Amino acid sequence: MSLLVARGVRKTFAGIVALDDVDLEVEPGELVGLIGPNGAGKTTLFNCLLGITRPDRGSVGFAGRDLARMPVYRRARLGIGRTFQRVELFSGMTVRDHLLVAERARRGDGALWKDVLGLGRLRRDEVDRSERTLELLGLADVADRPIESLSLGRGRLVEVGRALMTEPRLLMLDEPSSGLDRSETDALVATLHQVHRERDIAIVLVEHDVDMVRGFVSRLYVMDFGRVIASGATTDVLGDELVRRAYLGGAAP
Amino acid sequence: MHDLISALLRGFPIGCVYGLVAVGVVLTYKTSGVFNLAFGAQAFVSAAVYFVLHVRDGWPIAPAFAVAVLVVAPVVGFVLDLALFRHLRSAPPIARHVVSIGLLVGIPAIVVLALHFGTSPAYGPRGIVPGGLVVYRFGEYAVSRDELTTIVVTFLAVGLLSALLRLTAAGLRMRAVVESPRMTELAGVNANRVGSLSWMLSGLFAGLAGVLLAPLFPQVSADNFFLLIVAAIAAAAFASLSSLPLALVGGLLLGLIGQLLATWLPTGSLLAQGLRPSFPFVALFVLLVFWPGLRRRRESTDPLAAVDPPPPQLAADVRSRELTLLTRALTVVAAGVGLWWVLAVANAFWLLLVTQAVILSIVFLSVTVITGMAGQISLAQAVFAAIGAFTTAQLANRFDVPLLVTVLAGAAIAAIVGALLALPAVRLGGIHLTLATLAFALFFENVLVKVDWIGGSAVPPRVARPVLGPIDFAGDRSFFFLSVAVLVVVGSLVMLVRAGTTGRFLRALGGSEVAAAAVGINPARARVTAFALSAAIAGLGGGLLAMQQGQANYQADFSVGAGLFWIVIVVTLGARTVEGAVQGGAALKLFPQALKAVGLSLTWQPVLFGLGALTFARHPEGIVEHGKRTSLAAVQRLLDRRTRT
């Protein structure tokens, strides 16, 4: 059974069709890319899947459950993690705190009475789990640094780590290479590969950077003007004439 | 029909004044991102200066008007921008709100001191045309010359301003600065100069509204101007905080509907008594919660604001182990000495004061929760305390419930009211939430307090002291111990919550709401929890205060004005720590004694704390916390040097 299924998703903004009957499927543990020129509707689709925007028509399901009208935080608890194109970090907190907040969010609902009885303090196993994620992402050396002192590339890794702490089954990355240079992007791809190997999470990548997509995902959706114009195995799709004309400017890559 | 038209004629000039202030509020909001709650206080400055020059000192109208409106008003705006708001452009919105609340408390007190308003009552303000009371008759309808002037001046001023913003280069620059002062500066525009211009313009509007409004009341008093700003904020909300013409329309509508209600509702009915005076607050609350134009609007923040450093960590989080031990030891010693002094040395008067300070510290811990932890400003904390006090009084007097039970019931009811208030308002966040709490607080003050089973009839309901088994807390000394015990319990509770899940979630939400939701935190739930907890603490403190005073006296202890002052004190001293709240309680009760000792007027208290809140701009953690960090750093250096040699 597919992990994430979107069927006939349509969204218009003031009469402009941003998404026109889009279908999308992601299998458990699969690496999927979503590319397209600016304004193709990638971000709108992303927002519809995460619950930030509500589609006018169509359905979104996750692990057999209908996500219609489900708010962002409940989708997160079902197992959809994400990162942001313009990094969204908790200012004033350390790297470790970021992971610990996410860990606490995964565990419980934050009932006030538990805090009042002193049950809300940090526990050993929470610290251990955050430690393992810090190791995996290579953030152990900056664990106690305030988040503001980190570079953009590492900030994005913190976002990945924060999402991983919620034990997602699907990780959605919104243009993770934006603002990073070539070597930072390569390092990020390497880390993501490792995350995928160790945790077996499905990853959806929305990207501009075709090189990054080519080296990372096994299946690709290409959007243009609010429609999916091609989908399939990455190498096939990137060789497709239609895709090259819409997205790559006609010339062979 | 005749009634209708004369009601409209009477409502129109009032609506014009509302509209003028609303336009000024929208203008500053649009051009500097500051929602200026002190706008009414600015209007009061001009009204007071005009009154003093024209009525008291007998100046002719023209020079008095010129000085009060054309000179003083823009200068006040210019100074506020130069000294304060300019430095807050890319600061977090909460810093700007705190500063404007500080001004709201401080400016009227400064005016009263500077113009010697305290000694001579400011009765009989006059309008800005000679013979303002002359009445023109059109058939059976009458309009006074003052009213006509107000209408003409309003439309002229708003028309000129709209033209300036739409048609001139200065207007274009102003609109650009709103989006991002930093980016506008990158494009070669001097954002500071543009900001000054807009603050002078809005100051001018405040001054104009001030002198036009003054003759509508029998005396020039800051309270009238505070209510004026509430009506004007409702009008500004109607305009979605963005359209100047709509702000004027909103003001007119409010004025007209207010007069229609006055005419049509049967006099003497509960509805008339309740709805008429509270109409602006109800309108404001409803607009804030339901008006779609506001819902789409995000609080204005500079896209480049992230460049600024974040708030520093609490001193307690960064100090070394030996320093922690040292501070704790010192705290224990200080508390011991304090207790010894209260029990062995202090007389009845000082025991009373210290007990009140302890109880107010409990109330102030509610601000620690809502402002320090949740990052929201609530102006309804005094009302939550009042709910606690009234519940305590009513349950004990009517149903003979034991007092220790009623005071807990008071806390519970305050929590429920707080949660109910927060449910619709909490997703607004920021300034909109603050305004919703203000609207609710004013509604409570003007309507609910007068209801028999809430605030009691004309006399404040009496409250006795509690008894617990063999212990009777009737004595001042035993009640002091009870208060200290409650303070210790509530203080520890706040610290536990801060270190626990709720505290973490709230800190994450303060950092980034979208990211917090993306890891599964329910923003609304966390904020409503914080609101309910904060209201419960305030309610508990209010119940204790009523027991201590022997009565639940709304006017003396819980008014909206008092609540504003509380926020200002706590935020000035430190809203993020328990110590800040305790120091706030001590300051509120002991500072007046210090003023008396040196022979200064008590008006100095709002002046000093109002101005103190302005330090929030530089030290958002509060001046006590700032002082603590600096002194801790100094002691640490000393310790380091010792260990090295």
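Has segment B:61-81 got any residue that is over 30 Å from B:Asp146 (Cα atoms) and either more than 20 Å from the chain's Cα centre (by Cα) or surrounded by fewer than 18 Cβ atoms within 10 Å (Cβ to Cβ) (or both)? Yes: segment B:61-81 contains one or more residues that are over 30 Å from B:Asp146 (Cα atoms) and either more than 20 Å from the chain's Cα centre (by Cα) or surrounded by fewer than 18 Cβ atoms within 10 Å (Cβ to Cβ) (or both). Of everything in segment B:144-177 that is of a type in the set (Gly, Ala, Ser) and assigned to a helix (DSSP H, G or I), the residue that is nearest to B:Leu244 (Cα to Cα) is B:Ser162.
B:Arg10 falls short on exactly one of the conditions (1) outside any helix (DSSP H, G or I); (2) surrounded by fewer than 24 Cβ atoms within 10 Å (Cβ to Cβ); (3) of a type outside the set (A, V, I, L, M, F, W, C), and that condition is (1). For segment B:493-511, filtering for residues that are of a type outside the set (A, V, I, L, M) and either more than 15 Å from B:Gly375 (Cβ to Cβ) or over 25 Å from the mean Cα position of the chain (by Cα) (or both) leaves 5. All of A:Leu180, A:Leu220, A:Leu134, A:Leu139 fail the test of being in contact with a Lys or Arg (Cβ under 8 Å, 6 or more places away or on another chain) and farther than 26 Å from B:Ile521 by Cα, apart from A:Leu180.
Contact map, segment A:113-135: first residue under 16 Å from B:Thr529 (Cβ atoms), second residue of a type in the set (Gly, Ala, Ser) and part of a helix (DSSP H, G or I), Cβ cut-off under 7 Å, separation 6 or more or different chains; pairs are A:Gly120/B:Ala499. Counting only helices (runs of 4 or more DSSP H) wholly contained in segment A:68-181, the ones carrying 2 or more residues that are more than 8 Å from every other protein chain (Cβ to nearest Cβ) occupy A:72-78, A:95-107, A:124-137, A:152-165.
This table checks each residue for (1) within 15 Å of the chain's Cα centre (by Cα); (2) closer than 21 Å to A:Glu198 by Cβ.
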position	(1), (2)
A:Leu119	no, no
A:Asp125	no, yes
A:Asp128	no, yes
A:Glu131	no, yes
A:Val142	no, yes
A:Ile147	no, no
A:Arg154	no, yes
A:Val158	yes, yes
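Just the residues that are within 14 Å of chain A (Cβ to nearest Cβ) and not polar (S, T, N, Q), please, taken from segment B:529-552. B:Ala530, B:Phe531, B:Ala532, B:Leu533, B:Ala535, B:Ala536, B:Ile537, B:Leu540 - these are the residues of segment B:529-552 that are within 14 Å of chain A (Cβ to nearest Cβ) and not polar (S, T, N, Q). Going by the structure shown, is B:Gly622 over 16 Å from the mean Cα position of the chain (by Cα) and not hydrophobic (A, V, I, L, M, F, W, C)? Here the answer is yes, as B:Gly622 does meet what is asked. Please work out if B:Asp472 is acidic (Asp, Glu), more than 14 Å from every other protein chain (Cβ to nearest Cβ) and out of contact with any helix residue (DSSP H, G or I) (no Cβ under 6 Å at 6 or more places or on another chain). Spelling it out, B:Asp472 is indeed acidic (Asp, Glu), more than 14 Å from every other protein chain (Cβ to nearest Cβ) and out of contact with any helix residue (DSSP H, G or I) (no Cβ under 6 Å at 6 or more places or on another chain). As a summary of the residue check, B:Val463 satisfies the conditions (1) within 19 Å of B:Gly539 (Cβ to Cβ); (2) within 14 Å of chain A (Cβ to nearest Cβ); (3) modelled with pLDDT under 90 except for the one numbered (2). Taking the criterion of being more than 12 Å from B:Ala581 (Cβ to Cβ) and not aliphatic (A, V, I, L, M), the residues of segment B:354-392 that qualify are B:Thr355, B:Gln356, B:Gly375, B:Gln376, B:Ser378, B:Phe384, B:Gly388, B:Phe390, B:Thr391, B:Thr392.
If you scan segment A:33-56, which residues turn out to be touching a Lys or Arg at 6+ places or on another chain (Cβ under 9 Å), surrounded by fewer than 23 Cβ atoms within 10 Å (Cβ to Cβ) and aliphatic (A, V, I, L, M)? Within segment A:33-56, A:Leu50 is the sole residue that qualifies. When the test is whether a residue is under 21 Å from B:Gly430 (Cα atoms), modelled with pLDDT of 90 or more and surrounded by 19 or more Cβ atoms within 10 Å (Cβ to Cβ), B:Leu564 does not pass it. Scanning segment B:81-104 for residues that are modelled with pLDDT of 85 or more and either over 16 Å from B:Gly622 (Cα atoms) or out of contact with any helix residue (DSSP H, G or I) (no Cβ under 7 Å at 6 or more places or on another chain) (or both) yields B:Asp81, B:Leu82, B:Ser100, B:Leu103, B:Leu104. Taking segment A:50-67 as the range and being within 12 Å of chain B (Cβ to nearest Cβ) and touching a residue at least 40 places away in the same chain (Cβ under 8 Å) as the test, only A:Leu50 passes.
Taken over segment B:384-428, residues that are β-branched (Val, Ile, Thr) and closer than 13 Å to B:Phe531 by Cα amount to 4.
Look at segment B:488-508: where a residue is under 15 Å from A:Gly108 (Cβ atoms) and a partner is of a type in the set (Ser, Thr, Tyr), sitting 6+ places away or on another chain with Cβ atoms under 8 Å, you get B:Thr502/B:Thr529. Among the residues making up segment A:4-23, those that are surrounded by fewer than 21 Cβ atoms within 10 Å (Cβ to Cβ) and touching a residue at least 60 places away in the same chain (Cβ under 8 Å) are A:Val17, A:Asp20, A:Asp21, A:Asp23. For segment B:480-528, the set of residues classified as surrounded by fewer than 23 Cβ atoms within 10 Å (Cβ to Cβ), charged (D, E, K, R) and at the interface with another protein chain (Cβ under 7 Å from one of its Cβ atoms) consists of B:Arg507 only.
Look at A:Thr185 and say whether it is more than 17 Å from the chain's Cα centre (by Cα) and either of a type in the set (Ser, Thr, Tyr) or at positive phi (or both).
So A:Thr185 fails the test.
Pairing residues of segment B:125-145 that are over 21 Å from B:Val220 (Cα atoms) with residues that are of a type outside the set (Asp, Glu) and in a loop (DSSP other than H, G, I, E, B), at Cβ distances under 6 Å and at least 6 apart in sequence or on separate chains, gives no pairs at all. Counting only helices (runs of 4 or more DSSP H) that fall entirely inside segment B:350-458 and contain at least 3 residues that are surrounded by fewer than 18 Cβ atoms within 10 Å (Cβ to Cβ) and in contact (Cβ under 8 Å) with a residue 40 or more places away in the chain, the qualifying elements are B:403-425.
The values are calculated or read from the model by the stated rules, or taken from the named source; none is laboratory data. Remember, predicted model here, so these are calculated numbers, not experimental data. So basically every Cβ, Gly included, is an ideal-geometry build from the backbone, and we count neighbours across all protein chains shown.
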